[in-house]
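Asks: If you scroll down you'll find the structure; I have some questions about it.
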Amino acid sequence: MSAPRLGVLTLQGAYAAHAQVLERLGAEVRTVRLPADFDGLDGLVIPGGESTTMLRLLDRDGMFAALQDYARRKPCFGTCAGAILLARHVHPAQSSLDILDIDVQRNGYGRQLDSTIISAPTALPGGPLEMVFIRAPRFTRIGKDVEVLAERDGEAVLVRQGHHLAASFHPELGADPRVHQAFLDGL
C-alpha cells in the first residue's frame, strides 16, 4: 500500500511542524498554496494562525472556493484557526467553510497571555494527551453527529465528524503524534 498523500495549507501557522509529524508517521506531504495543489491529495491539514488573516489570504486566486469544494469531498484536519475555518458558525462573525457542525468562539480561552499547556484524558488510545493552547478557540456548540475525542474542563477541544477532525489546540507543537495518527487512520 502506498503512503497517503496529504497536503498542508501553507499560508500561515506551524505548517512545517505539521508536515514533520505527518512524514514521521509515513505520509507523503505536499504544500498547498494554489487551487491546483489539491490535485491527487488524500487529505488536508489546515494549520493554526490568525483566522481573519487566513481568510484574506484565501481570498486570492479562487482559493476559498477551491478549499471549500475540497473539504466537502475529502478529509480535512483543522487546528486552532484551521478549526475555526472548518466550523459552521464563528463568533465574532466571520466567513467559514461550514464543514463541521460546530460553533466556535475565536480566542475563547483568552489572549496570548492565557496560552497554556495541559494534559487531559482523551478517547484516543494511550492515556492523557498533551494539549498546547495558544489564543485557542472555544467550541461553543457541538452538533449531534460530532464525536468528542478530548475535553478541557468539560468542554470539547478535539472533535471528529465523519472523516473531518478539528482541535482547538496545537498537537503539532507537542511530542505526541496521536492526533495526527487519528487523522491518518480516518482517511
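The values are calculated or read from the model by the stated rules, or taken from the named source; none is laboratory data. Owing to the predicted nature of the structure, the values given are computational and were not obtained by experimental measurement. When we count neighbours, we look across all protein chains shown, and the Cβ atoms used for this are built from the backbone with ideal geometry, even at glycine. Areas reflect the complete protein model, heavy atoms only, side chains present, ligands, DNA and RNA absent. Shrake-Rupley method; radii C 1.70, N 1.55, O 1.52, S 1.80 Å.
Asks: Can you pull out every residue in the stretch 34-46 that is touching a residue at least 12 places away in the same chain (Cβ under 8 Å), out of contact with any strand residue (DSSP E or B) (no Cβ under 6 Å at 6 or more places or on another chain) and either outside any loop (DSSP other than H, G, I, E, B) or surrounded by 16 or more Cβ atoms within 10 Å (Cβ to Cβ) (or both)?
Replies: P35, D37, F38, listed by residue number.
Asks: May I ask you to list the residues in the stretch 47-67 that are part of a loop (DSSP other than H, G, I, E, B) and open to solvent by 10 Å² or more (accessible area, probe 1.4 Å)?
Replies: Residues of the stretch 47-67 that are part of a loop (DSSP other than H, G, I, E, B), as a first pass: 47-50, 59-62.
Within the stretch 47-67, G49, E50, D59, R60, D61, G62 meet the criteria.
Asks: Which pairs have Cβ atoms under 6 Å, sit 6 or more apart or on different chains, and link a residue in the stretch 163-187 that is under 17 Å from A83 (Cα atoms) to one that is of a type in the set (S, T, Y) and open to solvent by less than 10 Å² (accessible area, probe 1.4 Å)?
Replies: Pairs that qualify, where the first residue is under 17 Å from A83 (Cα atoms) and the partner is of a type in the set (S, T, Y) and open to solvent by less than 10 Å² (accessible area, probe 1.4 Å), are A167/T79; H170/T79.
Asks: Which of the strands (runs of 3 or more DSSP E) found entirely inside the stretch 68-182 contain at least 3 residues meeting this: exposed (fewer than 15 other Cβ atoms within 10 Å of the Cβ) and not charged (D, E, K, R)? Full working, then the answer.
Replies: Values: elements: 76-79, 87-91, 100-105, 116-120, 129-133, 138-142, 147-152, 155-161, 164-167.
The strands (runs of 3 or more DSSP E) meeting that bar are 116-120.
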